[in-house]
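Scroll down for the structure; my scribbles are underneath it.
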Amino acid sequence: MSAREDVTRGARELPFHEALRAAIDARGLPLERVSAHLRGHGHTVSIGTLSYWQSGRSVPSRATSLRALGALETILRVERGHLAQRVPVVRSRRRVSRPARMADGETRAAVIEELTAELGATFDDGLRLVSAHARSFVASDLSIRYVQVREVFWATRPQVARYLVAAWHPVADQEVVITPVHGCALNRCVGRLAESVCVAELAIPPLAQGGTHALDYEIAFLSDRPGASTDAAVAFTTAPISELCLEVNFAPGRLPDIVRLVEGASAEAAQSTTVPKIQQVMTVTRLHFGPGKVGLEWDVPLP
């Protein structure tokens, strides 16, 4: 009996999430590799989304997610339809008469401060950021679905063993998920759905003073409401950073009409200029940058 037949026969009566989890376990691939294989097949499914699928917290419901199931079955080496046939019918709960509400920036900043205090930590807790590389992946509707982040920092005091990360969505009532990938683990995570904010405390190996460490994590935006678009890949720094790189990956064959470079010494003073040539992969790199704001933004058509 082949591994494919074994997984299939052993999961004939399993619901979708259990069958998916069994297939992933049998294949022996971490979620980041499954996500990478899916991108190689032309489908963007984040680690956070895969985690939600296999835990039963959500199921594939969008057309783009359902189209990815065939590639997922190939990657996990199960029979065609083994996963797709188990996806339950999800009836749309969209209220099209309810417009998307933008999250207020000042309120969001206050919420982040409250959540940080709830964790008993600060963003300046003995670590200084040296470099950051953020790779944003944009879907065919021109909104960001997830961001892969790699950061390198050094310890300004001994025995630093945690790192705080905050993420948010510009539209209110959106679910934001932070998932550790490499060099860290999730200690605690708190969020506020009304302001679309998530703050995570990541555990890292204890560092001696002057020690350096690199870690990877992912930020996923799980909403599919009309108008709930993330249309900018922008970084804010409150202290100088040696290297900053922002990468935006647009979906194949779907580029925005206009992309603008945004940069300034502060969020209020930032100026925007139109980028003359739009490409499928666009990058902004700055050395010895900050404090300040830099990034790319584009227009998303109204639903």
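Screening the stretch 260-279 for residues that are surrounded by 13 or more Cβ atoms within 10 Å (Cβ to Cβ) and farther than 14 Å from Leu246 by Cα and picking the one that is modelled with the lowest pLDDT gives Ala270.
Number of residues in the stretch 17-42 that are under 19 Å from Val59 (Cα atoms), touching a Lys or Arg at 6+ places or on another chain (Cβ under 7 Å) and surrounded by fewer than 20 Cβ atoms within 10 Å (Cβ to Cβ): the value is 0.
Of all residues in the stretch 179-204, those satisfying the criterion of being surrounded by fewer than 22 Cβ atoms within 10 Å (Cβ to Cβ), in a strand (DSSP E or B) and of a type in the set (A, V, I, L, M) are Val181, Ala185, Leu186, Val190, Leu202, Ala203, Ile204. Looking across the stretch 205-216, the residues that are surrounded by 19 or more Cβ atoms within 10 Å (Cβ to Cβ) and under 11 Å from Val152 (Cα atoms) come down to His213, Leu215.
The single residue among Val111, Val160, Val190 that is closer than 23 Å to Gly295 by Cβ, modelled with pLDDT of 85 or more and touching a strand residue (DSSP E or B) at 6+ places or on another chain (Cβ under 7 Å) turns out to be Val111. For the residues Ala161, Ala110, Ala121, Ala132, the requirement of being buried (at least 19 other Cβ atoms within 10 Å of the Cβ) and either outside any loop (DSSP other than H, G, I, E, B) or among the hydrophobic types (A, V, I, L, M, F, W, C) (or both) singles out Ala132. Suppose the filter is crowded, with 17+ Cβ neighbours inside 10 Å, touching a Leu at 6+ places or on another chain (Cβ under 9 Å) and hydrophobic (A, V, I, L, M, F, W, C); does Phe221 pass it? No: the conditions fail for Phe221.
The values are calculated or read from the model by the stated rules, or taken from the named source; none is laboratory data. This one's a predicted model, so the numbers in the text were calculated from it and none came from an experiment. As a convention, Cβ positions derive from the backbone with ideal geometry for all residues, glycine included, and neighbour counts pool all protein chains shown.
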